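Each remark here refers to the structure printed beneath this line.
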Amino acid sequence: MTDKTMTPDEAISRLRSGMTVGIGGWGSRRKPMALVRALLRSPISDLTVVAYGGPDVGLLAAAGRIRKLVAPFATLDSIPLEPHFRAARQRGRFELTEVDEAMFMWGLRAAANRLPFLPVRAGIGSDVMRVNPGLRTVTSPYDDAETFVAMPALRLDAALVHVNRADRLGNGQYLGPDPYFDDLFCEAADTAYVSCERLVDGFATAVPQTLLIKRYSVTGVVEAPHGAHFTSCAPDYDRDEPFQKLYATTPWPQFAERFLHGDDKGYQSAVQTWHEEQR
């Protein structure tokens, strides 16, 4: 058994410019924000980012780190469209492949199973095929002869995900109401880095269904308390709505200067100071 613990910066140091990186979570929920902030502290750029997009996409887009984005959306949930994503996209700063949510999941599932594609009904009859002319269809070889979208595998060089608990071996547990697709991100990737709210010694009494992430798919484990902030990480904490509003309405250079100039302890301290100023 191998102790896979490392710091956020140690995890990100294993990535390289030009990689395809999958980021777990959903919208503004349980995003691996400590790892994303470590990525912003690095010189890594020219990334293909694969995500159910939220502020992870917004931060990386605003910082000019994305070459291509593959996503079904980019939202802050309570704010429908991620504003920094929108600003960068409107300026043509990166290429976008936009697919249906189910197609995206099937792309991850294909990659996790080392298949070149999987057939899916989602996308048929929509503009997905028009805006993605590279997509192909397949016909069922059986009597139904139904036509499906052949969703290509979303193979990842690396995955970044955040869970509530993890052990040093790489097993990860979610405690909230939704697992999202973090396990598929890890299994679709050549390497996977899991941040967690708290490291534990084991999961002897855990409900098996909550053990989402398996150690065989994990390269590194990072203990990062409040590591999903400002997104939610139920049941440990809710989304920081006031801070999210600040993020969404502050010009990028000002936000980055105040909150992203140091390490993650500096970020947490700056957030706390800002909240104290609002009292």
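Every number in this text was worked out from the coordinates using simple rules, so none of it is lab data. The model shown is predicted, which means the values in this text are computed figures rather than measured ones. Virtual Cβ from ideal backbone geometry, glycine too; neighbours counted across all protein chains shown.
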Worksheet entry | Listed values [x] 118; [y] 140; [z] 129, entry calculated as volume of the Cα convex hull per residue in Å³ | [y]
Practice prompt. Arrange the following residues from fewest to most other Cβ atoms within 10 Å of their Cβ: Y237, Y193.
Written response: Y237, Y193
Worksheet, complete the sentence: Output for segment 26-83 (equivalent-ellipsoid semi-axes, sqrt of 5λ from the C-alpha gyration tensor, Å, descending) is 18, 12, 9
Discussion item. Under the 0.36 nm per residue contour assumption, what length would be gained going from the current alpha-carbon distance of A87 and A234 to full extension?
Written reply: 50.0 nm
Item to complete: Sort out for me the Cα centre separation of segment 240-269 from segment 191-228, rounded to whole Å.
Response: 26 Å
Worksheet entry | Distance between modelled label sites at F243 and D143, nm, 7 Å Cα→Cβ extension | 6.0 nm
Practice prompt. Can you tell me the relative contact order of the chain? Whole percent, Cα pairs under 8 Å, sequence separation 6 or more.
Written response: 21 percent
Item to complete: Name the lysines eligible as straight-distance cross-link partners of K4: C-alpha to C-alpha under 27 Å, and not fewer than 8 places from it in the same chain.
Response: K31, K214, K265
Fill in: P(r) weight above 18 Å for segment 223-279, C-alpha pairs, percent
33 percent
Discussion item. What whole-number distance in Å separates the alpha-carbon centres of segment 114-133 and segment 79-112?
Written reply: 14 Å
